[in-house]
1. Please state which of the following conditions ALA62 fails to meet, knowing it meets all the rest: (1) within 29 Å of ILE26 (Cα to Cα); (2) surrounded by 13 or more Cβ atoms within 10 Å (Cβ to Cβ); (3) touching a residue at least 24 places away in the same chain (Cβ under 8 Å).
2. Got a number for residues in the stretch 64-84 being more than 15 Å from PHE120 (Cβ to Cβ) and assigned to a strand (DSSP E or B)?
3. Please find, within the stretch 1-52, the residue that is modelled with the lowest pLDDT out of those that are outside any strand (DSSP E or B) and within 16 Å of the chain's Cα centre (by Cα).
4. Just give me the residues in the stretch 99-147 being at pLDDT 75 or above, assigned to a strand (DSSP E or B) and either acidic (Asp, Glu) or exposed (fewer than 15 other Cβ atoms within 10 Å of the Cβ) (or both), in sequence order.
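The values are calculated or read from the model by the stated rules, or taken from the named source; none is laboratory data. What you see is a predicted model, and the numbers here were worked out from it, not measured in a lab. We place every Cβ from the backbone using ideal geometry, glycine too, and count neighbours over all the protein chains shown.
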Amino acid sequence: MHGRVLVILLSAWSCGCGETETTEEIRTIRISGAITYDGKPVRHTCQITFSTQDGAFGPFSAETDKEGKYEADVPPGQMDVTVSVNVNLGVPPEELMKMDTKDVDALIREKGGEHFDAPFQTSVSIEDKAGSTFDLDLAKLESTSSL
């Protein structure tokens, strides 16, 4: 008898009886663009993060290719954008941890990352139109290190 009750209870639970959680579907559009510095492509990998200004959705992120180009699926509307540049220092992370800060800073400058020590931020308005292009010149954006 106990076996039958257990089977019935398990069957009811696995059928999804009870409350179900619903999630709001987010409609996104495909955008593309390029990350530059003073008009020249940033050849380091950049992580671009889009978040809705009202905080309702996000973050949505994309990564650049070797030419500084990216594509992302984001919802239309006002977005806060953060761009972080990952300068390839050619040194394993465990070695970087052992290095003095001055030496790491010198290595960053040597590898062409002197402008990329902190993320850059801006805001953009994404139109409800697929195929929109958003090119960002980091030389014209505010670096978070100055905040």
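1. So ALA62 meets the others, but not (3).
2. Residues meeting the conditions: 7.
3. Within the stretch 1-52, the match that is modelled with the lowest pLDDT is HIS44.
4. SER123, SER125, THR133, ASP137 - these are the residues of the stretch 99-147 that are at pLDDT 75 or above, assigned to a strand (DSSP E or B) and either acidic (Asp, Glu) or exposed (fewer than 15 other Cβ atoms within 10 Å of the Cβ) (or both).
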